[in-house]
Amino acid sequence: MFYKVAADPLFAPPGLKLVKEIMSDAHNEHESAIKTPKQLVAAVIGFFAVTIIGIILLVQFVTSTKLTGAGSNSQAPEEVASRIAPVADTGYTLKDANAPKVLQTGEAIYTSTCAACHGAGVAGAPKFGDAGAWGARIAQGYDTVVQHALGGLRAMPAKGGNPDLDDVEVARAVVYMANSSGGKFKEPAVPAAPTAPAAEPQK
């Protein structure tokens, strides 16, 4: 014979009480902090506000800093002009062929033309500053040494291989090298420029 027992928590078996407590705790853990529609709207608006502010700050950070990598200044007017400049203009200096030539010093000619061989004594060239190597040449006299430099001698080409040099410039280079090696040559005089004939008056 069975008797119905009222569902009184005081008379519930201990195992049943434990199961109800565990289920109640699990239900409490899964409860959301958002309990009303107003809280839901506020949470959505807050989420979008934080996202938009983050994007704005990121864009400002990226656009406000100056890039220093290659090509960062590629659209500047100077950079564009350098890219579209004619290739023939690079490394060349245009000279007026009719302008009077400005004669260089002996040291400048030595540095640009003669030092390649005379700086190290290449191919039997008398080394710059070596009084022993230059002594025999200096003894031959100024005119002979200059003629050898102008016309070439053994391995040395005429005018040291630079045909654009004026005879006076070659002579200055010879005097500079010889005097630096114990010579006493006088600096060559610059010849007077030829005067153009006067134009005849028209009749």
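Yes/no matrix, rows are residues, columns are (1) assigned to a helix (DSSP H, G or I); (2) at pLDDT below 85; (3) surrounded by fewer than 10 Cβ atoms within 10 Å (Cβ to Cβ):
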position	(1), (2), (3)
VAL44	yes, no, no
ALA49	yes, no, no
GLY54	yes, no, no
LEU57	yes, no, no
LYS66	no, yes, yes
ASN73	no, yes, no
GLU79	yes, yes, no
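For region 142-179, taking the residues that are among the acidic types (Asp, Glu) and closer than 18 Å to ALA116 by Cα, the one that is surrounded by the fewest Cβ atoms within 10 Å (Cβ to Cβ) is identified as ASP164. Of all positions in region 117-136, at least one carries a residue that is modelled with pLDDT of 85 or more, among the charged types (D, E, K, R) and either surrounded by 13 or more Cβ atoms within 10 Å (Cβ to Cβ) or farther than 17 Å from LYS186 by Cα (or both). Answer yes or no as to whether LYS95 is modelled with pLDDT of 85 or more and either surrounded by fewer than 11 Cβ atoms within 10 Å (Cβ to Cβ) or more than 13 Å from VAL174 (Cβ to Cβ) (or both). It is false that LYS95 is modelled with pLDDT of 85 or more and either surrounded by fewer than 11 Cβ atoms within 10 Å (Cβ to Cβ) or more than 13 Å from VAL174 (Cβ to Cβ) (or both).
Would a scan of region 119-136 turn up a residue that is among the β-branched types (Val, Ile, Thr), without any contact (Cβ under 8 Å) to a residue 60 or more places away in the chain and farther than 21 Å from SER181 by Cα? No, the conditions are met nowhere in region 119-136.
Looking only at region 169-187, count how many residues are in a helix (DSSP H, G or I) and touching a residue at least 24 places away in the same chain (Cβ under 8 Å).
First, pick out the residues of region 169-187 that are in a helix (DSSP H, G or I): 169-179.
Now restrict to residues that are touching a residue at least 24 places away in the same chain (Cβ under 8 Å): 169-178.
Qualifying residue count for the region: 10.
Within region 101-115, identify whether any single residue is over 19 Å from PRO188 (Cβ atoms) and at pLDDT 80 or above, and answer yes or no.
Let us first name the residues in region 101-115 that are over 19 Å from PRO188 (Cβ atoms), namely 115.
Subsequent filtering for residues that are at pLDDT 80 or above retains 115.
Checking region 101-115: at least one residue is over 19 Å from PRO188 (Cβ atoms) and at pLDDT 80 or above.
The values are calculated or read from the model by the stated rules, or taken from the named source; none is laboratory data. All figures in this text were calculated on a predicted structure; none of them were measured in a lab. Here Cβ is always computed from backbone atoms with ideal geometry, including for glycine, and neighbour counts include all displayed protein chains.
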